[in-house]
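Notes to accompany the following structure.
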Amino acid sequence: MRYGVISDVHSNLEALEVVLEALKAEKVDRLLCVGDLVGYGADPGPCLALIRKEVHHTVCGNHDWALTGKLSLEWFNEWARAGLEWTKRHLAASDAAYLNSLSLTWQDSQVTLAHGSVHEPEKFHYVMNLQEARRSLAVQATPVAFIGHTHVPGVFVQEGDRIGFERPQRLTISPLARHLVNVGSVGQPRDGDPRASYCLYDSDSGQLEFRRLTYPVARAQEKIRKAGLPEFLADRLSSGY
Ligand code: ZN
């Protein structure tokens, strides 16, 4: 099975279109998304329409969860909150119902999906260190799990009791190890590389690959400014932080 995995689209239509186009050309069998479809960007409606049409399985991110009223806006910093308040005013009822229908985790025989972590997915932990990764890997039932949330791509690998963190471009999944893979962000990367991030995984060959693509950043920024969203949300797209 060949999987394409995306995360943290955050209403960035320009980035999403470029990534979905590339994934179409790759002819993946299953297209997956680990949440945060909306918030920050200016195109929630068009992004949700594309995701609903193209993506096979999507789990709920903290921004999506907040828009359904299941997570308080108090949880968020001022920019995220401004983005969520704006999104709430521009969200169609059918899109709100769709977000409300998303589950926090999903799995098949090969992969698990969660936005923040596989353990306590409703708490949206940020897996940024080995202790947090260990807690998530401990409840992971498949060889590979995909997460997002930090907007920083990388892989936590556990073999026996040892856990390490790597940021490879390609990796062969070992059947003896467990892997917690952060796919990075399509719509708002925060690792200093402004290009949209996503993953390809072939569960037959065990090949995992991280991909980055340039997209029309200036167009996405202009839409954010025109919408009256905070200036910082436009600026950060070109720095990748
Ligand atoms: Zn996010």
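The values are calculated or read from the model by the stated rules, or taken from the named source; none is laboratory data. Note that the coordinates shown come from a computational prediction; the quantities given were computed from them, not determined experimentally. Every residue, glycine among them, receives a Cβ derived from its backbone with ideal geometry; neighbour counts consider all protein chains shown.
Here region 188-219 is the region considered, the condition is being under 30 Å from Leu171 (Cβ atoms) and hydrophobic (A, V, I, L, M, F, W, C), and the residue that is surrounded by the most Cβ atoms within 10 Å (Cβ to Cβ) is Ala196. Confirm whether Val186 is in contact with a Gly (Cβ under 6 Å, 6 or more places away or on another chain) and β-branched (Val, Ile, Thr). So Val186 does not fit the description; no. The residue list His151, His115, His119 contains one member that is in contact with a Lys or Arg (Cβ under 7 Å, 6 or more places away or on another chain) and either under 18 Å from Gly184 (Cβ atoms) or of a type in the set (Phe, Trp, Tyr) (or both), which is His151. Residues that are acidic (Asp, Glu), more than 15 Å from the ligand (Cβ to nearest atom) and closer than 20 Å to Met128 by Cβ within region 182-235 comprise just one, Asp193. Looking only at residues in region 93-139 that are assigned to a loop (DSSP other than H, G, I, E, B) and among the small types (Gly, Ala, Ser), the one that is surrounded by the fewest Cβ atoms within 10 Å (Cβ to Cβ) is Ser109. Here the strands (runs of 3 or more DSSP E) wholly within region 140-241 that include at least 2 residues being among the basic types (Lys, Arg) and closer than 18 Å to Ser7 by Cβ are 207-213. Does Tyr98 satisfy the criteria of being over 20 Å from Gln188 (Cα atoms), out of contact with any strand residue (DSSP E or B) (no Cβ under 8 Å at 6 or more places or on another chain) and either within 16 Å of the ligand (Cβ to nearest atom) or among the aromatic types (Phe, Trp, Tyr) (or both)? Yes: the conditions hold for Tyr98.
Looking for whichever is of a type in the set (Val, Ile, Thr), in contact with a Leu (Cβ under 7 Å, 6 or more places away or on another chain) and buried (at least 17 other Cβ atoms within 10 Å of the Cβ) here; the options are Ile51, Ile6. Which one fits? It is Ile51.
Of the candidates Trp86, Trp75, the single residue that is modelled with pLDDT under 95, within 25 Å of Tyr241 (Cβ to Cβ), over 15 Å from the mean Cα position of the chain (by Cα) and not acidic (Asp, Glu) is Trp75. For region 36-70, the candidate set comprises residues that are of a type in the set (Ser, Thr, Tyr) and without any contact (Cβ under 8 Å) to a residue 60 or more places away in the chain; within that set, the residue that is nearest to the ligand (Cβ to nearest atom) is Thr58. Per the listing Val28, Val18, the residue uniquely over 11 Å from the mean Cα position of the chain (by Cα), part of a loop (DSSP other than H, G, I, E, B) and away from the ligand (no atom under 16 Å from the Cβ) is Val28.
Between a residue in region 133-162 that is away from the ligand (no atom under 16 Å from the Cβ) and any residue that is in a loop (DSSP other than H, G, I, E, B) and hydroxyl-bearing (Ser, Thr, Tyr), which pairs come within a Cβ distance under 6 Å, given they are 6 or more apart or on different chains? Between residues of region 133-162 that are away from the ligand (no atom under 16 Å from the Cβ) and residues that are in a loop (DSSP other than H, G, I, E, B) and hydroxyl-bearing (Ser, Thr, Tyr), the close pairs are Ser136/Ser117. A single entry from Arg89, Arg81 fulfils the requirement of being over 27 Å from Leu200 (Cβ atoms), surrounded by 16 or more Cβ atoms within 10 Å (Cβ to Cβ) and of a type in the set (D, E, K, R): Arg81.
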